[in-house]
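Each remark here refers to the structure printed beneath this line.
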Amino acid sequence: MKSFNNFEKAALQTPDISLCFKQGLKALRSNSIRVKSKNTKLIEGSVDLDGCLKQIKEYKNSNRWDYIISYNETLFFVEVHSVKTSETELVFKKLDWLLKWLEEKAPEIKLLHNKNRQPYYWIATNRVSILKTSSHYKRIIQKGIRIASILELS
């Protein structure tokens, strides 16, 4: 009999994504190269939020966040996108969408996230083009977003 980890249970209890849970980093497909882990056995699963929810009429035109990853009972919310000043407002819209979605549609996932509150991750598809001294960067940090070229799960 298969035992489910907490993230898998929460994903299965969330109607919007109940069919989208994948083992390991499989939901990230080619973007899985942007995530590193010292212990891959601790990767409990992933969901491609954007890919899964774009099929649902309610979210078709929404600015959706990309992925959720569970590692060692900690959730990581990951947006893979070019990191430049001109993209900041779009990423903020995606984060606002994610927070609303968690509140209204995914309470079990929100609860898991609140247990070990991690920042939200904006993973660069190319070089980072936002200066750390800029007002944009300060707003990014204030919103709880961490920018990285590679997400190091630990």
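The values are calculated or read from the model by the stated rules, or taken from the named source; none is laboratory data. It should be emphasised that the depicted structure is a prediction, and the values quoted were computed from it without experimental measurement. Note that we place each Cβ from the backbone using ideal geometry, even for glycine, and neighbour counts take in every protein chain shown. The accessibility values were calculated without ligands, DNA or RNA, using every heavy atom of the protein model including side chains. Shrake-Rupley method; radii C 1.70, N 1.55, O 1.52, S 1.80 Å.
Key figures for this structure:
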item: Extension gain from Lys138 to Glu104, taking 0.36 nm per residue of separation minus the Cα-Cα distance; result: 9.4 nm
item: For Thr133, solvent-accessible area (1.4 Å; no DNA, RNA or ligand), Å²; result: 110
item: Modelled FRET efficiency - R0 22 Å, Lys9 with Lys41, Cβ distances, 0.05 increments; result: 0.70
item: Accessible area of segment 6-154 belonging to carbon and sulfur atoms, whole % at 1.4 Å probe; result: 48
item: Gyration tensor (alpha-carbon) shape descriptor, segment 46-117, a/c threshold 1.5; result: oblate
item: Reciprocal of mean inverse Cα separation for the chain (Kirkwood radius, Å); result: 15.8
item: Segment 63-146: relative contact order in percent, alpha carbon pairs under 8 Å with at least 6 residues between; result: 37
item: Exposure rank, largest accessible area first [Ser30, Ser18; 1.4 Å]; result: Ser30, Ser18
item: Members of Lys9/Lys138; Lys60/Lys143; Lys22/Lys115; Lys54/Lys110; Lys57/Lys110 lying beyond 29 Å, as alpha-carbon distances in this model show; result: Lys9/Lys138
item: Cβ charges +1 (Lys, Arg) and -1 (Asp, Glu), total dipole of segment 1-145, debye; result: 420
item: Shape of segment 83-149, Cα gyration tensor, a/c cut at 1.5; result: prolate
item: Over the chain: helical MRE at 222 nm, DSSP H runs n ≥ 4 each giving -39500 (n - 2.57), nearest 500; result: -9000 deg cm²/dmol
item: Accessible area per residue, Å², the chain with all protein chains present, probe 1.4 Å; result: 56
item: Full-extension gain in nm, Lys84 to Ser30, via 0.36 nm per residue minus C-alpha separation; result: 17.3 nm
item: Candidates per trypsin sites (Lys or Arg not before Pro) in segment 1-102, loop by DSSP, up to 15 other Cβ within 10 Å; result: Lys2, Lys38, Lys54, Lys60
item: FRET E, pair Asn114, Arg146, Förster distance 25 Å, beta-carbon r, rounded to 0.05; result: 0.90
item: Solvent exposure ordering (accessible area, 1.4 Å, most first) of Ser154, Ser70; result: Ser154, Ser70
item: Between segment 102-154 and segment 11-38, the alpha-carbon center distance in angstrom; result: 17
item: Contact order relative to length of the chain, as percent, for alpha carbon pairs under 8 angstrom and 6 or more apart; result: 24
